[in-house]
Amino acid sequence: MNLIENTQENDLSVKIEIWDNTKRAKNLMIIFWILTGLTFIAIISGYFELQLLENVKLGIFPDESEVYANDLRQGIIGIIQTGIYITSIILFLNWFRRAYGNLHRLGISYLKHKESMAVWAWFIPIIVLFRPVQIMNEIWNETQEKIKKFDSTYIIKNGGLIIGLWWALFIISNIIGRYVLRTVFKAETVEQLIEGSQALLLSDFMQIPEALLVILIVFQLSKMETKLAKEVQQAGGNIIYK
């Protein structure tokens, strides 16, 4: 089956193509491993800050150098985390759009959204709550359905559980993140600083399983895309490296 779906039986001159997504998947997994490691460091650093604040609450005041070192450490970690996080978003969107775009390039005519929606869905209020996970499910399912049309022996894997869990963690993590922003910047008393520090620790804890699930999903989908690319090539289609 080496023709675009809508013309498979009528126009034998039409070939299909797929854009290689391997490098993007690899870079994405690397950045999420880095983000996970950095989050572990942030949790340890945040715990030390929380202990310092708890001591202040009990009347045990640290010296000025200890406070300075804590603030400097937390500031540096925060800046690096922000940079890595922004990078991870860019890499994820590039990978996500190409994975969805490949389904369009393979001639699957019944996809629910345009390729560009794989990016815009993350920035539109309300829609961001459900559209990205719908597209992720489409990528997971339709990539395998296409493989199945080339190779009837291929066994389709159900991704509903890990995708659903990833999305639930994403929503919860974002809710906590919003709470952290409101709490940290309005904190004035020691009790409020402790509350903000606890919320920040919880946010970091949530990011670890979320990041690991992203790595797992991308790893599994990358294997599927590699399998599909080989089938496309064997059927006379083209793999575009760009």
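If you go through segment 60-79, how many residues are among the hydrophobic types (A, V, I, L, M, F, W, C) and open to solvent by 90 Å² or more (accessible area, probe 1.4 Å)? Walk me through it before giving the result.
Taking segment 60-79 as the starting set, the residues that turn out to be among the hydrophobic types (A, V, I, L, M, F, W, C) are 60-61, 67, 69, 72, 76-77, 79.
Right, trim to open to solvent by 90 Å² or more (accessible area, probe 1.4 Å) and you get 60-61, 79.
Counting residues in segment 60-79 that are among the hydrophobic types (A, V, I, L, M, F, W, C) and open to solvent by 90 Å² or more (accessible area, probe 1.4 Å) gives 3.
Please indicate, with yes or no, whether at least one residue in segment 188-204 is open to solvent by 50 Å² or more (accessible area, probe 1.4 Å), under 18 Å from Ile43 (Cβ atoms) and under 14 Å from the mean Cα position of the chain (by Cα). Please lay out each step first, then the result.
At the first step, the residues of segment 188-204 found to be open to solvent by 50 Å² or more (accessible area, probe 1.4 Å) are 188-189, 191-193, 195, 198, 200, 202.
Filter once more, keeping what is under 18 Å from Ile43 (Cβ atoms): 193, 195, 198, 200, 202.
Retained after the next criterion (residues that are under 14 Å from the mean Cα position of the chain (by Cα)): none.
For segment 188-204, residues open to solvent by 50 Å² or more (accessible area, probe 1.4 Å), under 18 Å from Ile43 (Cβ atoms) and under 14 Å from the mean Cα position of the chain (by Cα): absent.
Does Leu52 count as farther than 30 Å from Val232 by Cβ, assigned to a helix (DSSP H, G or I), open to solvent by less than 30 Å² (accessible area, probe 1.4 Å) and touching a Pro at 6+ places or on another chain (Cβ under 7 Å)?
Values: farther than 30 Å from Val232 by Cβ: yes; assigned to a helix (DSSP H, G or I): yes; open to solvent by less than 30 Å² (accessible area, probe 1.4 Å): yes; touching a Pro at 6+ places or on another chain (Cβ under 7 Å): yes.
Here the answer is yes, as Leu52 does meet what is asked.
Mind checking which residues of segment 16-34 are open to solvent by less than 30 Å² (accessible area, probe 1.4 Å) and either aromatic (Phe, Trp, Tyr) or closer than 15 Å to Phe219 by Cβ (or both)? Quick ask: steps written out before the conclusion?
Step one: list which residues in segment 16-34 are open to solvent by less than 30 Å² (accessible area, probe 1.4 Å), which gives 16, 18, 21, 25, 28, 31-32.
Asn21, Ala25, Leu28, Ile31, Phe32 - these are the residues of segment 16-34 that are open to solvent by less than 30 Å² (accessible area, probe 1.4 Å) and either aromatic (Phe, Trp, Tyr) or closer than 15 Å to Phe219 by Cβ (or both).
How do the pairs read when you match residues in segment 103-117 that are open to solvent by less than 40 Å² (accessible area, probe 1.4 Å) with residues anywhere that are in a helix (DSSP H, G or I) and hydrophobic (A, V, I, L, M, F, W, C), using Cβ under 7 Å and keeping only pairs 6 or more apart or on different chains?
Close Cβ pairs (under 7 Å, with a partner that is in a helix (DSSP H, G or I) and hydrophobic (A, V, I, L, M, F, W, C)) amount to Leu103/Ile139; Leu111/Leu103; His113/Ile135.
If you check Lys148, Lys157, which single one turns out to be more than 26 Å from Leu50 (Cβ to Cβ), in contact with a Phe, Trp or Tyr (Cβ under 7 Å, 6 or more places away or on another chain), open to solvent by 70 Å² or more (accessible area, probe 1.4 Å) and of a type in the set (Lys, Arg)? Reasoning before the result, please.
Working: Lys157 fails: in contact with a Phe, Trp or Tyr (Cβ under 7 Å, 6 or more places away or on another chain).
Step by step, each of Lys148, Lys157 is checked, and only Lys148 is more than 26 Å from Leu50 (Cβ to Cβ), in contact with a Phe, Trp or Tyr (Cβ under 7 Å, 6 or more places away or on another chain), open to solvent by 70 Å² or more (accessible area, probe 1.4 Å) and of a type in the set (Lys, Arg).
Tell me which of these Ile176 doesn't satisfy, since it passes every other one: (1) open to solvent by 20 Å² or more (accessible area, probe 1.4 Å); (2) within 29 Å of Asp20 (Cβ to Cβ); (3) touching a Ser or Thr at 6+ places or on another chain (Cβ under 7 Å).
Single failed check for Ile176: (2).
Filter segment 118-131 for residues that are closer than 25 Å to Asp20 by Cβ and touching a residue at least 12 places away in the same chain (Cβ under 8 Å); which is surrounded by the most Cβ atoms within 10 Å (Cβ to Cβ)? Spell out the reasoning first.
Step one: filter segment 118-131 for residues closer than 25 Å to Asp20 by Cβ, giving 118-122.
Going one step further and asking which of them are touching a residue at least 12 places away in the same chain (Cβ under 8 Å), we end up with 118-119, 121-122.
Working: Ala118: 26, Val119: 15, Ala121: 20, Trp122: 16.
Residue satisfying both the conditions and the ranking: Ala118.
Looking at segment 172-193, I want the residues that are closer than 30 Å to Phe61 by Cβ and have a partner that is open to solvent by less than 70 Å² (accessible area, probe 1.4 Å) and at pLDDT below 80 with Cβ atoms under 6 Å, at least 6 apart or on another chain. Which pairs are those?
Between residues of segment 172-193 that are closer than 30 Å to Phe61 by Cβ and residues that are open to solvent by less than 70 Å² (accessible area, probe 1.4 Å) and at pLDDT below 80, the close pairs are Leu193/Ala187.
Being modelled with pLDDT of 95 or more and either at negative phi or surrounded by 17 or more Cβ atoms within 10 Å (Cβ to Cβ) (or both): is that true of Ile86 here? Break it down into steps so the answer makes sense when it comes.
Values: modelled with pLDDT of 95 or more: yes; either at negative phi or surrounded by 17 or more Cβ atoms within 10 Å (Cβ to Cβ) (or both): yes.
The answer is yes for Ile86.
Mind listing whichever residues of segment 141-170 are within 14 Å of the chain's Cα centre (by Cα) and under 22 Å from Asn102 (Cβ atoms)? First the steps, then the outcome.
To start, the set of residues in segment 141-170 that are within 14 Å of the chain's Cα centre (by Cα) comprises 162-170.
Scanning segment 141-170 gives Ile162, Ile163, Trp166, Trp167.
One residue is enough: does segment 100-115 have a residue meeting the conditions in contact with a Gly (Cβ under 7 Å, 6 or more places away or on another chain) and modelled with pLDDT of 95 or more?
Restricting attention to segment 100-115, the residues satisfying the condition of being in contact with a Gly (Cβ under 7 Å, 6 or more places away or on another chain) are 115.
Filter again for modelled with pLDDT of 95 or more, leaving none.
The answer is no; no qualifying residue exists.
Among (1) buried (at least 18 other Cβ atoms within 10 Å of the Cβ); (2) over 17 Å from His113 (Cα atoms), which single condition is Ile162 missing?
In the conditions (1) buried (at least 18 other Cβ atoms within 10 Å of the Cβ); (2) over 17 Å from His113 (Cα atoms), Ile162 misses (1) alone.
The values are calculated or read from the model by the stated rules, or taken from the named source; none is laboratory data. The model shown is predicted, which means the values in this text are computed figures rather than measured ones. Please note: Cβ atoms are built from the backbone with ideal geometry, for glycine as well, and neighbour counts cover all protein chains shown. With ligands, DNA and RNA removed, areas are computed over all heavy atoms of the protein, side chains included. Shrake-Rupley method; radii C 1.70, N 1.55, O 1.52, S 1.80 Å.
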